[in-house]
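Worksheet for the structure shown next.
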Amino acid sequence: MSESLSVGVLGYRFMGRAHANALARLPMFFPEAPAVERSVLIGRDEEAVAEATDQLGFSEYSTDWEDVVGDVDVFYNLGPNNVHADPSIAALEAGTSVFCEKPLAHTLEDAERMRDAARDSDATAGIAFNYRFIPAIRYAKELIDSGELGEIHHVRGTYLQDWLVDPEAPWSWRNDEEVAGSGALGDLGAHTIDLARFLVGDRAGEIDRLSGHLKTFVDERPVPGGDEGSLESGGGSSTETREVTVDDAYTAQASFEEGAIATFEASRFANGRKNDHSIEIEGSKGSLKFSLERLNELEVLREGSRGYETVLVTDPDDPYIDHWWPPGHVIGWEHTFVHENYEFLSAVAEGEEHTPSFEDGYRVQELLDAIERSDSEGEWVDV
């Protein structure tokens, strides 16, 4: 491996910009991170990917991932869910480390193939559960692991957005089961379920039983002008519609091996909620509450206290904060990508495993699949 890591990135829109920004910030704020070359940007639309290549600071572009995965040190797979498996597996088989967006795949079968490819490869594989890298979430895990909350009783997680409330909001690939696999369940629920596993798994065990319910509120949507599959193509009037084949919202109940119970919910129809990802954990000695909309804060109830205190997690000894600003100068959503890129690329440079791994991604995919099966069968499902 060269002194710097050459990176190829599949995808140049929302997640492509988020990760390109993180790669550019690493040498400024994490000088101990391995040096990185933004080598190749990959996309199907040659004109669009060429423009994005200049904008995002890459050296060149390609319209075919097969030409790239064996020639770079690290491959970032940020494409739609149905293209997670084959490029990632090909890269791992070529000895290229892979960082893949969540959920791991659009089906459990493809997620299993990806997990097995990662097991069989000497390269590093990681999945992009970026909310694990929020300082307040890391602080919450420290409290839980140290026993500050005692025995875990309740886990409550919600992820609420409202960008599809309007029935005239345009159809996109995220509304297509063949491409996305599921709707709010995989897009949003994957984050919540991973956070629950991350935070309480060492004390409460794995989720072993659950029931789920999925709901689609709007059955078809207008096809936007231009590229039908583009998440970011404009709206505009159209008489043509396409069927929505995924859920708009889900709810689930779950139990953990050690006796804790959980409720999970996600919706793209939660009017007035833009990106409200919240998690609450209650134990025998204390409790905590977190909201992504106030990501620098953690609400903590300690044993013997009459109420919650708000902890501003911006001190130099809080996770990652010493790389940024003085105490009280808050960080934002985009910083989580810097943190996870730092951890992943450091693992690649050292030839080590990264957490969260493809195994973690597969475990979450099992639970997503179980929620869908529970909804279809109308009964509780053992995991």
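The values are calculated or read from the model by the stated rules, or taken from the named source; none is laboratory data. Since the structure is predicted, the reported quantities are computational estimates derived from the model, not experimental observations. With ideal geometry, Cβ positions are generated from the backbone for all residues, glycine too; neighbour counts draw on all protein chains shown. All accessible areas refer to the heavy atoms of the entire protein, side chains included, with ligands and DNA or RNA removed. Shrake-Rupley method; radii C 1.70, N 1.55, O 1.52, S 1.80 Å.
Being farther than 18 Å from Val69 by Cα, touching a residue at least 12 places away in the same chain (Cβ under 8 Å) and among the aliphatic types (A, V, I, L, M) is the filter here; which residues of region 1-41 pass it?
Met15, Ala18, Ala22, Leu23, Ala24, Leu26, Ala33, Ala35
Within region 29-58, which residues are within 22 Å of Cys100 (Cβ to Cβ) and polar (S, T, N, Q)?
Passing the criteria: Ser39, Thr53.
Just for helices (runs of 4 or more DSSP H) wholly inside region 71-169: which have at least 1 residues that are open to solvent by 30 Å² or more (accessible area, probe 1.4 Å) and either in contact with a His (Cβ under 8 Å, 6 or more places away or on another chain) or over 25 Å from Tyr342 (Cα atoms) (or both)?
Qualifying helices (runs of 4 or more DSSP H): 85-93, 108-120.
Take region 336-358 and flag every residue that is more than 15 Å from Pro31 (Cα to Cα) and open to solvent by 20 Å² or more (accessible area, probe 1.4 Å).
If the condition is that a residue be more than 15 Å from Pro31 (Cα to Cα) and open to solvent by 20 Å² or more (accessible area, probe 1.4 Å), then Glu350, Gly351, Glu352, Glu353, Thr355, Ser357 are the ones that fit.
So which residues in region 240-273 are assigned to a strand (DSSP E or B) and charged (D, E, K, R)?
Matches in region 240-273: Arg242, Glu243, Glu265.
Checking Pro34 against (1) surrounded by fewer than 17 Cβ atoms within 10 Å (Cβ to Cβ); (2) farther than 16 Å from Gly186 by Cβ; (3) not aliphatic (A, V, I, L, M), only one condition comes out false. Which one?
Single failed check for Pro34: (1).
Being in contact (Cβ under 8 Å) with a residue 60 or more places away in the chain, over 15 Å from Ser39 (Cα atoms) and of a type in the set (Asp, Glu) is the filter here, so list the residues in region 54-102 that pass it.
Glu101
How many of the residues making up region 1-34 are in a helix (DSSP H, G or I), of a type outside the set (A, V, I, L, M, F, W, C) and either over 23 Å from the mean Cα position of the chain (by Cα) or modelled with pLDDT under 95 (or both)?
Residues in region 1-34 being in a helix (DSSP H, G or I), of a type outside the set (A, V, I, L, M, F, W, C) and either over 23 Å from the mean Cα position of the chain (by Cα) or modelled with pLDDT under 95 (or both): 1 in total.
Please work out if Val330 is in a helix (DSSP H, G or I) and either aliphatic (A, V, I, L, M) or surrounded by fewer than 15 Cβ atoms within 10 Å (Cβ to Cβ) (or both).
The answer is no for Val330.
Of all residues in region 280-323, how many are surrounded by fewer than 19 Cβ atoms within 10 Å (Cβ to Cβ), part of a loop (DSSP other than H, G, I, E, B) and in contact with a His (Cβ under 9 Å, 6 or more places away or on another chain)?
Within region 280-323, residues that are surrounded by fewer than 19 Cβ atoms within 10 Å (Cβ to Cβ), part of a loop (DSSP other than H, G, I, E, B) and in contact with a His (Cβ under 9 Å, 6 or more places away or on another chain) number 2.
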